[in-house]
Amino acid sequence: MSFNTVTSSFKVTRRRRAPLAEAARVGLIAGAALVAFALIGAYAAMDKRHVVEDLLTLSQIACGLMVFAAGYATARDGRSGPAAALLHGLVAGAVAGACLALLVWLTVSVNLRATLVAASPALARALSLGAPVASTQALAQLPVLGALLAGLGAAVGLLPPAGRHAMTTGLGVVLVAGLFRDVFASMLDNLPDFTGPEIELFGPSGLNPGAAPVLFAAGAAFSLLRRRLTRRAGVPRSGASRLGSALLVAGVLVLPLVTNDFVAQVAMLVALYMLMGMGLNIELGLAGLVDLGFVAFFAVGAYTVALMCSSGPLAVADVSFWLALPVAIVLAACAGLLFGLPVLRVRGDYLAMATLGLGEIIRVLVLSDALGPYLGGSQGIIEIRHPSLFGLELKSPASLYYLALALAAVVAFVSWRLQHAKIGRAWLAMREDEDVAQALGIDPVASKLLAYTIGAAFAGAAGAVFAALIGSVYPHSFQLLVSINVLAILVIGGLGSLPGVLVGAIVLIGLPELLREFGEFRYLFYGIALVAMMHVRAEGLWPAAHARENVQPENAHA
Amino acid sequence: MKKLLLSAASLAAVLLATAPIRAETLGPVTDPLGVVKIAKGQPVLIGGYSSQSGGDTNQGIDELRGAEVAIKDFGGAVLGHPVKLLGEDAQCTAEGGQTAATKLAGNKQILAVLGPSCSSGARVGAPILWRAGIPSVAIGATAPALTAPDRPDGFKGFQRVVPNDLKSAKFTADYAYDVLGLKTAATIHDGSPYTEQLVRAFEKDFAAKGGTIVASEAISPSDTDLRPVLTRIATKKPALIFTPVFTSSVGFLMRQKDEVSGLADTKVIGGEGVFSANVIEAVGPKIVGFTIVGPSTDLFSKRFPDFVKAFAAEYGEAPIGGFSAYGYDAALLTLTAIKAVGQTDAEGNLYVGRQALHDALMATKGLDGLTGTLTCDANGDCGAATYAIWEFTSDDTSSFAPGKNPKRIYP
Amino acid sequence: MSDAARSATEPGALAEWLRRSTWVDHILLAIRIGVAALVLVGLAGGLTAGTYSAADFASFALFGLTIGSIYALIALGYTMVYGILRMINFAHGDVMMVGSFAGLFAAGALNDVGIVSAWPLLALPLVLAAGMAAGALVSIAIERIAYRPFLHVRSLAPLICAIGMSFILQYAARGLFGTRNRAYPGFGWMEGTIGAFGLTIPIPQVVAFAAALIVLAGLLAVVKLSRLGKAMRAVAEDRDAAALVGIDVSAVIVATFAIGGAMAGVAGVLYALVFKQITVFMGFFLGVKGFAAAILGGIGNLGGALLGGLVLGLAEALGPALILEGYGLPAPYQLKDVIGYGMLVMILIFRPQGLLGERLAAKRA
């Protein structure tokens, strides 16, 4: 089985309408997106989070961005002159705003709530933006606001590249600062003798209104400056990417020190998923085995540590974490071997379902009353001891982050060596074409089994750290969703790519944790991200070297 | 690289070794755990964590919504400062509770935290919050160990308005054995820690009274066909089935019970997780005569319908889980305590001492809540903990009104 | 094989097998024997325990057939799409959920205008039509978003996209319709029961069973007899060759998805009529069970999907009573998913072509 092998090019061609009709169409699409955003309840929920204190809420920004993007897209159509493009932007925005106004009117005048629960008075109130609910003024201001925003988008779209880049960078800086207020505020908090600016920059939930224009200007200026500098110096791309990697490594190392416990906790979860991701990377990224039951090995590792390092009634031993860790890894590897033997004759999508079934079997068994006396059933195993190092108990999120990171580094090193050893090439050959690999003298069963076992061992290590970190394990933590998360991390980061695992874990685990406001909509945006990713950049955010070679030219003409 | 890692690790150790909590004097207040200053016009921040995503979402979202309704009823402000609830997602898992609690603990302006929904999250989350001097008032975490007299120090800042499992199990066993005179019982749980713990406690109490547990079964929340497991129970001929499972499982169970021969005369008692209008819709006509264990007091009967009305007006649907009322009470308890200990200076700044707030919370006595009169004991159990058996009288979904449907039949 | 070899007795054949087989074969054989022994010992224990009467077993079988016919309906839609495209539509279960909700809203509207009370027999087809239309529309959207762009690329992309669509459908539905359990209306005549073989069977269950048969017949007719069916089989056989002989491959795939989605809609409505309450999260695990049923019967094989669904339903209803009871395990019905998934895994390992074998196309690559 191979990935990203283009067998023929497929191109969707769309009939292009007259520019004005096209603008109306874009406006309608944006309007539909706005209405959907409101009707799934996201608007009302995110209206509580202020990105710019007392001025702009998260939902207003999200809606504004949609309309802005619509205006930008119409202007970038490039078929008409600046004045016409601006007009088209205004039209698109007005149409989008009108859709929302229609929704407000419908919400108030017709009772939609028997079917659509989010069409509540609260929504109408929020969308009236302070005006009397669903008054003429409230309804009229939406299309006007939309037209203004989309006009702004169109204007930005018409700027020369440098100006466009500066504007979007400035906007991006404001958004990132406002959205990730907690990270930046905690960083400023940690700067000694320099606690003043936090008060000025950030309020209790977002940016202060005064700080937003300053940040915008700073971002725009930085963009312009950088553009000029790079043009003059002509820094080669590889140098820039090396600098980027160095910065990334430095950032990863000092992150929990310059921020607070929460960011450290999130970083630790990211490191944990990286561990699992690298395990699955061996199975899926290198050997091409789709595994949806990966969480089972994670559970084996976690329960081993739980049983060996707890003072609870179910514990079989109460030994040091460092003794239990290798046992957990070995047991997980054994489980991998045991599962792998029968399952690995199954191919492709069938393998995905077989492993899904195995993972669910393990979860149900662990949860069951039948094994309850040994594994604690739904009550889990509690009071697991934290690991200690040189007499220092590793208890805080930051110290556990370094534990997970150190293990991840070891695992990354091992994977990297494996990838470039003979067995790594055998895996790649098998992934591309199993029959050819067999003809070349590669024993498919043995090499698959090895991949499966090593992957399971890595997941077992992750499970061991997980148990030590939480201090208790419950079957609830080993849902199918975990396996799918890990799979998605690989796909988003880039199959077979080690740095891709890091990037994928940051994007899929780190960002949603930091943006907890998304709360109940987390998995919705998660789904949208998966689909969008496949469409925009199927090879992953940081593709493996060989994938990059294969795919890039294809993408250029696809 | 390795050196860098080592030095970073040691730096981390030094940084993290410094205790965050120390006695402090700010404005008019001195407190051994520190003082929070809320500048004039700034909001009073209360944290909240519950299950906002994953399988237990209904319950978690309703709990924090119940708290929002309470804040509104309180006037939206305390001592002249608007109240803001910062809700986080704890996912009903230990790691979710840990992450949410860590985030809330990192916000030094937060006075107290409401939640979580699940005992697994409370077990990890409450000590993290208390280390930062933040007391937590749990909404749905019912595990007895959390308020046991010998609980670890980390739980000293933990309280709950939901009564612990032991109390409701004891009440149910008493009712079944003494009042109804039933001598044999079967139990069903759904693999969640809450239902399993409750069922085990009931089994113990029922057996201690001299009753016999003839079957103790389990299902999965995703099961839709419960007839096989009911058939198995029917072979043991219990007089009673006690099952605190949630709304959709209760719906399947009650609808399918009569399709299984031999269970026609068996009584079913449910838990308070289904004390909601939605269970009427889920069960349909078979709801008439279905009994559940729920909060008891007259206060509850009087105030709950208004609460449901306010809730539905705000969120478009009535509460789905039975725990939203506890969310209301947790918020009420917290706001009342803040009001009692907060001190305002001449400029209008508000100061709240952390230890003082905790002491005030623990000293709560005779507070009229939604589920009853709240009084905290020394271990942090604040729930009214007086129970009643409620019986549903009509299958009209709009008729949900505690007192009429369901009607209190005992005591 | 020469005559001499053929005349050799059993030990000779055994020696031959021993010579040819690898260590993997030995372990697989050991697993077969182990599982068989586990089942047989359990079976013996379960039958001798005497917990259940014959009437109980008859009830178990009836319950198994009811849920089995729902699995079969889901599996039929699954197997259609898989048979043609060789791709798992991970979101199929959620399409079923959407169909179910569409049916619910249609039933509400019909009730409001009085059709349910005036022509109760007409209500069911109308509600089914609503469910089918919604299922087909959503399914076409999924094809457009998750499959068509990757039609000519062999990659994980469609699987990932379908997982993404599954999330989107579940959580969008949750936001739109709320999370509460919705009661499904009956239509007067469906409330009753009929008696057969000494058992009383609620009418919706009979309807579900009959519907599974009718849907199977209908699908078979489409695939075997219609022009579209011929094109489908051609596309399943070899997509490029089909395109060469002038078949509009894209249109055939869209039609396949539409039919699969409509079948999911039927499954959703009938599921709701039998079990009488729905939630937005009901689709995912029913979808996985439906897939297991499709594989059990032999994926791509329509008759197999029906058989697989019924077998899976029976195994889940009877398995805990027959096998797990024999080991005296507490709460055996908590482990019914172990039996279901265990069958899925065993079939995939030892008989990947399913009970009836793959059809519609030659063996997969």
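What follows draws every value from the coordinates through simple rules; no lab data is involved. Every value quoted in this text rests on a predicted model; they were computed, and no experiment measured them. Please note: Cβ atoms are built from the backbone with ideal geometry, for glycine as well, and neighbour counts cover all protein chains shown.
Under the simplified labelling scheme, the residue C:20-residue C:32 pair shows an inter-label distance of 1.3 nm, with each label point 7 Å from Cα along Cα→Cβ. Here the Karplus curve 6.51 cos²θ - 1.76 cosθ + 1.60, taken at θ = phi - 60°, turns the phi angles of segment A:310-327 into couplings of 10, 9, x, x, 8, 4, 9, 7, 10, 10, 5, 4, 5, 7, 6, 4, x, 4 Hz, with x standing for Gly and Pro. When the helices of chain C are scored as -39500 (n - 2.57) per DSSP H run of n ≥ 4 and the total is divided over every residue, the value at 222 nm lands at -24500 deg cm²/dmol.
Note on A:298, B:392: ascending count of other Cβ atoms within 10 Å places them as B:392, A:298, the fewest first.
Which percentage, to the nearest 5, of the DSSP beta bridges contained in the protein assembly as shown is antiparallel? Counting only bridges with both partners in the protein assembly as shown, antiparallel ones make up about 55 percent. Compute the Cα gyration tensor for segment C:51-350, then decide on rounded, prolate or oblate, letting a ≥ b ≥ c be the square roots of its eigenvalues: rounded whenever a/c is under 1.5, prolate when a/b is larger than b/c in the other cases, and oblate in all that remain. Oblate is the answer for segment C:51-350, as a/c is 1.5 or above yet b/c matches or exceeds a/b. Neighbouring Cβ atoms from other chains, within 10 Å of the Cβ of residues in B:214-226, number 6 on average.
Subtracting the Cα-Cα distance of residue A:250 and residue A:17 from their residue separation scaled by 0.36 nm leaves 78.8 nm. Would you work out which of C:127, C:265, C:151 lies farthest towards the positive end of the dipole of segment C:51-350? Charges go on Cβ: Lys and Arg +1, Asp and Glu -1. Checking the options against the dipole of segment C:51-350, the answer is C:151. Between the residues B:212, B:162, B:233, the greatest Cα displacement towards the positive end of the dipole of segment B:146-295, with unit charges on the Cβ of Lys, Arg, Asp and Glu, is found for B:212.
Using the Cα centre of chain C as origin and beta-carbon charges of +1 (Lys, Arg) and -1 (Asp, Glu), tell me which of C:206, C:255, C:80 is placed farthest towards the positive end of the dipole. Ranked along the dipole, the leading option is C:255.
Measuring r between the beta carbons of residue B:375 and residue B:314 and using R0 = 41 Å, the FRET efficiency lands at 0.90. Using the average count of surrounding beta-carbon atoms within 10 Å as a protection proxy, the listed peptides A:108-120, C:314-326 rank, highest first, as C:314-326, A:108-120. For the residues of B:186-194, the average number of beta carbons from a partner chain within 10 Å of their own beta carbon is 4.
Computed FRET efficiency, Cβ-Cβ of residue C:55 and residue C:327, R0 22 Å: what is it to the nearest 0.05? The value I calculate is 0.40. Once C-alpha pairs closer than 8 Å and six or more residues apart are averaged by separation and normalised to the residue number of chain C, the relative contact order reads 33 percent. Among the cysteines of the protein assembly as shown, those with no neighbouring cysteine Cβ under 4.7 Å are A:63, A:99, A:309, A:334, C:161. Rounded to the nearest 0.05, the FRET efficiency derived from the C-beta distance between residue B:306 and residue B:235 at R0 = 56 Å is 0.75. Only the Cβ atoms of Lys and Arg (+1) and of Asp and Glu (-1) were treated as charged; on that basis the dipole of segment B:299-354 about its Cα centre amounts to roughly 220 debye.
Of the beta bridges in chain A, as assigned by DSSP with both residues counted there, near 90 percent are antiparallel. For the pair residue A:36 and residue A:180, the difference between a 0.36 nm per residue extended length and the Cα-Cα distance amounts to 49.3 nm. If one computes the Cα centroid of segment A:19-44 and of segment B:75-138, what distance in Å separates the two points? The distance from the Cα centre of segment A:19-44 to that of segment B:75-138 comes to 36 Å. Relative protection proxy for B:183-189, B:31-37, B:204-210, A:250-256, from highest mean packing down: B:183-189, B:31-37, A:250-256, B:204-210 (other beta-carbon atoms within 10 angstrom).
Taking a point 7 Å out from the Cα of residue B:151 in the direction of its Cβ, the residues of segment B:353-392 whose backbone N falls within less than 18 Å of it are B:355-365, B:374-386.
A straight line joining the Cα centroids of segment A:60-97 and segment C:266-329 runs 50 Å.
When each of the peptides A:268-281, A:139-152, C:236-249, B:97-110 is scored by how many other beta carbons lie within 10 Å of its residues on average, the order from highest to lowest is A:268-281, B:97-110, A:139-152, C:236-249. Is the shape of the protein assembly as shown best called rounded, prolate or oblate, per the rule: a/c under 1.5 gives rounded, else a/b larger than b/c gives prolate, else oblate, with a ≥ b ≥ c the square roots of the Cα gyration tensor eigenvalues? Rounded shape, in that the Cα axes give a/c under 1.5. Extending 7 Å from Cα along the Cβ direction at residue A:226 and again at residue A:323 yields two label points whose distance is 5.2 nm.
Neighbouring Cβ atoms from other chains, within 10 Å of the Cβ of residues in A:361-374, number 6 on average. With both residues required to sit in chain B, DSSP beta bridges show an antiparallel share near 40%. Please list the non-local residues whose amide H lies under 5 Å from the amide H of residue B:275, H modeled 1.01 Å from N, same-chain partners needing a gap of 5 or more. Sorted by chain and number, the residues that satisfy this are B:322. Using only side-chain charges placed at the Cβ, +1 for Lys and Arg and -1 for Asp and Glu, the dipole size of chain A relative to its Cα centre rounds to 1920 debye.
Distance between the modelled labels on residue B:261 and residue A:62, one decimal in nanometres: 5.5 nm (7 Å Cα→Cβ projection). Taking Cα centre as origin and charging only the Cβ of basic (Lys, Arg, +1) and acidic (Asp, Glu, -1) residues, the dipole magnitude of the protein assembly as shown rounds to 3000 debye.
Tell me whether segment C:57-190 comes out rounded, prolate or oblate; compute the Cα gyration tensor, take square roots of the eigenvalues as a ≥ b ≥ c, and use a/c under 1.5 as the rounded threshold. It is prolate, given that a/c is not under 1.5 and a/b is the larger ratio.
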